[in-house]
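*Asks:* The structure is given below, and queries will be raised subsequently.
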Amino acid sequence: MFRFEQPILFKHCDPAGIVFYPRYFEMMNDCVEAFFDKVVEWPFKDIHKVGAVPTAEIRTRFLAPSRLGDHLVFNLKLTRVGRTSCGIEISADCEGETRFQTELTLVNVDGGGKPQEWPEQVKQRLLDQSAFA
């Protein structure tokens, strides 16, 4: 499981000091981007030279609010690795309380936006991680 830490900053919140839910999706993407950089060793800056890994599907349950000053720990795990896509689960916790859970599907696409197979080395790193899920 990959861990990503995110303090809740003023920019994440509405005027009441509660995280505005679209900001969670930005944080999820930050977590995925860090995972591809640190674990898969295929950073977005390199991916985007030849294509992208957009989110094709996402389902999220918001279980409790997060507030300015909270410190979230994101836990990412791969649930499947396919020929051109992968499944990911992310949960975010703060002091033992789960704030949200999400399931998403990423698709590896070429520069024209068409699905393409994972590069062999990338697929192997993804498979290595999914074995621990």
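The values are calculated or read from the model by the stated rules, or taken from the named source; none is laboratory data. Please read these numbers as outputs of a predicted model, since none were measured by experiment. Because the Cβ atoms are built from the backbone with ideal geometry, glycine has one as well, and the counts that use them run over all protein chains shown. For the accessible areas, the whole protein counts, side chains as well, though only heavy atoms, and no ligand, DNA or RNA atoms are used. Shrake-Rupley method; radii C 1.70, N 1.55, O 1.52, S 1.80 Å.
*Asks:* Please label the shape of the stretch 43-116 as rounded, prolate or oblate, based on the square roots a ≥ b ≥ c of the eigenvalues of the alpha-carbon gyration tensor (a/c under 1.5 means rounded; beyond that, a/b larger than b/c means prolate, else oblate).
*Replies:* Values: a/c = 2.93, a/b = 2.13, b/c = 1.38.
Here the stretch 43-116 falls in the prolate category.
*Asks:* Residues of the chain: accessible area per residue at 1.4 Å, in Å²? Please list the in-between numbers first.
*Replies:* Working: 7520 Å² over 133 residues.
Using a 1.4 Å probe on heavy atoms only, each residue of the chain averages 57 Å².
*Asks:* Another question, if that's okay. Would you indicate which of (i) 0.99; (ii) 0.92; (iii) 0.96 is the value of Rg/Rh (Cα atoms, Kirkwood Rh) derived from the coordinates of this structure?
*Replies:* Computing Rg/Rh (Cα atoms, Kirkwood Rh) and matching it to (i) 0.99; (ii) 0.92; (iii) 0.96 gives (i).
*Asks:* Report the label-to-label distance for K45 and D110 in nanometres (one decimal), using points 7 Å from each Cα along the Cα→Cβ vector.
*Replies:* 2.7
*Asks:* Nearest 10 degrees, 0 to 90: what angle lies between the long axis of helix 21-38 and the longest principal axis of the chain (Cα atoms)?
*Replies:* Helix 21-38 sits at roughly 40 degrees to that axis.
*Asks:* Given the DSSP H assignment, sum -39500 (n - 2.57) over each helix run of at least 4 residues in the chain and divide by its residue total; what's the result at 222 nm in deg cm²/dmol, nearest 500?
*Replies:* Working: 3 runs with 36 residues, N = 133.
It comes out at -8500 deg cm²/dmol, rounded to the nearest 500.
*Asks:* Would you grab the residues whose amide H sits under 5 Å from the one on F20? Only those 5+ places off in sequence or on another chain, please, with H modelled 1.01 Å from N.
*Replies:* Those qualifying (amide H under 5 Å, at least 5 residues apart or on another chain) are C13, D14.
*Asks:* Give the peptides 121-127, 93-99 in descending order of average Cβ contacts within 10 Å, highest first.
*Replies:* Values: 121-127: 16.4, 93-99: 12.9.
Final packing ranking: 121-127, 93-99.
*Asks:* Using Cα positions and a limit of under 25 Å, work out the lysines in reach of K123, with same-chain residues fewer than 8 apart set aside.
*Replies:* Result set, ordered by chain and number: K38, K45, K49, K77, K114.
*Asks:* When the accessible area of the chain is split by element with a 1.4 Å probe, what percent falls to carbon and sulfur? Write down the numbers at each step before the final one.
*Replies:* Working: 3730 of 7520 Å².
Carbon-and-sulfur percentage of accessible area, whole number: 50.
*Asks:* Modelling each spin label as a point 7 Å along the Cα-to-Cβ direction, I'd like the L127/E89 distance in nm, to one decimal.
*Replies:* Taking the simple label geometry, L127 and E89 are separated by 2.2 nm.
*Asks:* At R0 = 22 Å, how high is the FRET efficiency between F10 and Q101 if r is their beta carbon distance? Nearest 0.05 is fine. All intermediate terms of the calculation are to be shown ahead of the outcome.
*Replies:* Details: r = 25 Å, r/R0 = 1.14.
Result of the calculation: an efficiency of 0.30.
*Asks:* Grab the Cα-Cα distance for N29 and R59, subtract it from 0.36 nm times how many residues apart they are, and report the gain in nm with one decimal. Could you put the intermediate results ahead of the total?
*Replies:* Details: separation 30, 0.36 × 30 = 10.80 nm, distance 1.37 nm.
Extra length available between N29 and R59 comes to 9.4 nm.
*Asks:* Right, next: If one takes the longest principal axis of the Cα atoms in the chain, at what angle in degrees, from 0 to 90 and to the nearest 10, does the Cα axis of helix 120-130 lie?
*Replies:* 40
*Asks:* Now, a different point. Using the crude model of +1 on Lys and Arg Cβ and -1 on Asp and Glu Cβ, and no other charge, please compute the dipole size for the chain relative to its Cα centre, in debye to 20. Can you show the working numbers first?
*Replies:* Numbers: 16 positive and 19 negative charges, 43 e Å.
With Lys and Arg at +1 and Asp and Glu at -1, about 200 debye.
*Asks:* Residue by residue, what Karplus-based ³J(HN,Hα) values in Hz, rounded to whole numbers, does the stretch 103-111 have, using 6.51, -1.76 and 1.60 with θ = phi - 60° and x for Gly and Pro?
*Replies:* 10, 9, 10, 9, 10, 7, 10, 7, x
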